[in-house]
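Here is the structure we will look at.
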Amino acid sequence: MSASTPGHDDPVRPLPGWFDDAKLGVMITWGLYSVPAWAPLDDRLVRLLAEHGEGADRDRSYHAEADADGFDPIVTTSYSEWYQNSVSVPGSPTWHHHRETYGDRTYADFRDDFAAAVEQWSPEPWAQLCAAAGARYVVPLAKHHDGFLMWPSHTPNPHRPDWALERDVLGEFRDAAEARGMRFGIYYSGGIDWTFANLPILRADDVARAVPDSPEYAGYADAHWRELIERYRPAVLWNDIGYPSAAEPEKLFAHYREAVPDGVVNERFYAGTPDFLTPEYATRATSGGSKWETVRGVGLSFGYNRQEDASWTTSGPDLVELLMDVVSKGGNLLLGIGPDATGRISPEQDAALRELGAWLAVNGDAVYGSRSWRVAEDRTAEGLRVRYTERDGDLYATFLDRPSAGVSAPPRLAGAAHAECVWLGGDGTVGTVTGLAGLPVPPVRPGVPEPTVLRISPAPDPR
């Protein structure tokens, strides 16, 4: 993933409606790095994550900034998919780990290990999990920064023979995902390819300058994106860390939009006219502005990190809170999961996604197809946090903290006149309430995490 987000043009094309309706996607980061599957974990990363988390209103990754003590998240990144870069920095935690675990084996030596492991993979468990999580689109990786191709491309790597899978895992997963009603997008690292240049990257500030600038690479990246469009008709072009200007991205966008009229393009080409913005491990503080999608792993890595246990994994209830905070402010949530080399998802990530899906199965009306209300968030007099969404004239108030009996209405709803109120997943209408005073306790639903959602019909005018 990206370590920084330079300036970009604001989207100007009308956004295809399906993307604004979808709200939830899953990114799958799988490649050679899934063999060593290791990155250091450091409490300082948790602190940086908190600084760039809810309400931070930054379109930058928390991995992008070194602190006052010189702690640079590139050298000690928790992103396991950056393994090749990290192991190339003498003295780094990953360099020490690699020497102790693999001796003098090189990163390229993982190629055969990975190709053998892929033979055990089936696309069905991935598709089943993403559907169970309630995702409406999926974005697997076609190429990460190491340049290894996850499909049998007609444009092979000119510097490293056999630097691609023979098995078409992209095509197999696309078929399995689309059979379950999910749209299929593709991630491609257009800005960094270490088989061409700039390995290693030593400082976070150098990431944006690491794009190979040769005509050879421009032609190579352009050929790949065009092949991916022709072969898979992706619903999302999810590029990362820039793009060589000589590849003429505007022409690529025009070709894509002719081939896939309702497809969407992210802003990380850093050129042209994107459809949405992609803050990483960060959310907006308010609604409004261009369409956005926050992207983050379920843990502190996108790729599989064998060190991450439940303590480093976002729980199902916390994913629900994150989703509702993002959706209330007009965003989508793209959650990253990292399979091991054989394609297995960790039990911790699997459980978290299924909990999220169980919640959406009950409360999806507050999410899918919804839009931001004129107010995104609120608190009751008791301090309970509330997030608002609106759909088809109804207002949905998601209580991030469980209400008790007789809880007062949030201030924005105190003037609601003769509103019909329903706790989603309950036995029926709470009643027609003026001022929403004295709401009863919401139902307890075994196997479904909090929060609880109150539907208010019709949506009142906020005070």
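Placing unit charges on each Cβ (+1 for Lys and Arg, -1 for Asp and Glu) gives the chain a dipole about its Cα centre, and among ILE28, HIS159, PHE148 the Cα reaching farthest toward its positive end belongs to ILE28. Measuring between their Cα centroids, region 275-289 and region 215-247 lie 24 Å from each other.
Charges on Cβ only, +1 for Lys and Arg, -1 for Asp and Glu, centred on the Cα centroid of the chain; of TYR107, PRO123, ILE456, which one is farthest towards the dipole's positive end? Going by the Cα projections, it comes out as ILE456. Between VAL444 and THR155, the simple spin-label model (points 7 angstrom out along Cα→Cβ) gives 5.8 nm.
Put simply, when 279-287, 223-231 are sorted by average Cβ atoms within 10 angstrom per residue, most first, you get 279-287, 223-231. Once the Cα atoms are used to define both axes, helix 316-328 deviates from the longest principal axis of the chain by about 80 degrees.
How big is the dipole moment of the chain about its Cα centre under a simple scheme where the beta carbon of each Lys and Arg is +1, that of each Asp and Glu is -1, and everything else is neutral? Debye, nearest 20, please.
Computed charge dipole of the chain: roughly 920 debye.
In region 17-366, Rg over Rh equals 0.93, where Rg is the alpha-carbon radius of gyration and Rh the Kirkwood radius from pairwise Cα distances. Of all DSSP bridge pairs formed entirely within the chain, close to 50 percent run antiparallel.
By counting other Cβ atoms within 10 Å of each Cβ, how are THR294, THR195 ranked from fewest to most?
Going from least to most buried by this count: THR195, THR294.
Helix-only mean residue ellipticity at 222 nm, the chain, DSSP H runs n ≥ 4 weighted -39,500 (n - 2.57), per residue, nearest 500. What is it? Can you show the working numbers first?
On the way: 11 runs with 119 residues, N = 463.
Rounded to the nearest 500, it is -7500 deg cm²/dmol.
Distant-in-sequence amide contacts of THR452, defined by a placed amide H-H separation under 5 Å and a gap of 5 or more residues or a different chain, comprise PHE399. Annotation: amide H-H contacts under 5 Å for SER408 (H modelled 1.01 Å from N, sequence separation of 5 or more, or interchain): ALA381, GLU382.
Mind giving me the FRET efficiency for GLU230 and ARG180? R0 is 22 Å, r the Cβ-Cβ distance, nearest 0.05 is fine. Calculated value: 0.40.
The phi-based Karplus calculation (6.51 cos²θ - 1.76 cosθ + 1.60; θ = phi - 60°) puts the 3J(HN,Hα) values of region 144-152 at 9, 5, 6, x, 6, 8, 9, 8, x Hz, whole numbers, x for Gly and Pro.
Positive contributions from Lys and Arg (+1) and negative ones from Asp and Glu (-1), summed over other residues with Cβ under 13 Å from the Cβ of TYR220, come out at -2. Backbone amide hydrogens, once placed in the peptide plane, bring GLY190 within less than 5 Å of ASP240, excluding anything fewer than 5 places away on its chain. With R₀ set to 22 Å, the beta-carbon distance separating ASP205 from SER245 gives a calculated FRET efficiency near 0.60.
So, R0 is 41 Å and r is the distance between the beta-carbons of ALA197 and GLU382; what FRET efficiency does that work out to, to 0.05? Spell out each step's value before the answer.
On the way: r = 57 Å, r/R0 = 1.40.
Calculated value: 0.10.
Relative to the longest principal axis of the Cα atoms of the chain, helix 249-259 runs at roughly 60 degrees.
Of the GluC sites (Glu not before Pro) in region 374-404, which ones lie in a loop per DSSP and count no more than 13 other C-beta atoms within 10 Å? Please list the in-between numbers first.
Working: sites: GLU377, GLU382, GLU390; in loops: GLU382.
Taking region 374-404 and a limit of 13 other Cβ atoms within 10 Å, the loop GluC sites (Glu not before Pro) found are GLU382.
Dipole check for region 352-405: with +1 at the C-beta of Lys and Arg, -1 at the C-beta of Asp and Glu, and the Cα centre as origin, the magnitude is about 120 Debye. Among THR273, THR101, a tally of other beta-carbon atoms within 10 Å of each Cβ gives an order, fewest to most, of THR101, THR273.
Values in this text are rule-based calculations from the coordinates and carry no lab data. Everything numeric in this text was worked out from a predicted model, so none of it was measured. In this analysis, Cβ positions are derived from the backbone assuming ideal geometry, glycine residues included, and neighbour counts consider all displayed protein chains.
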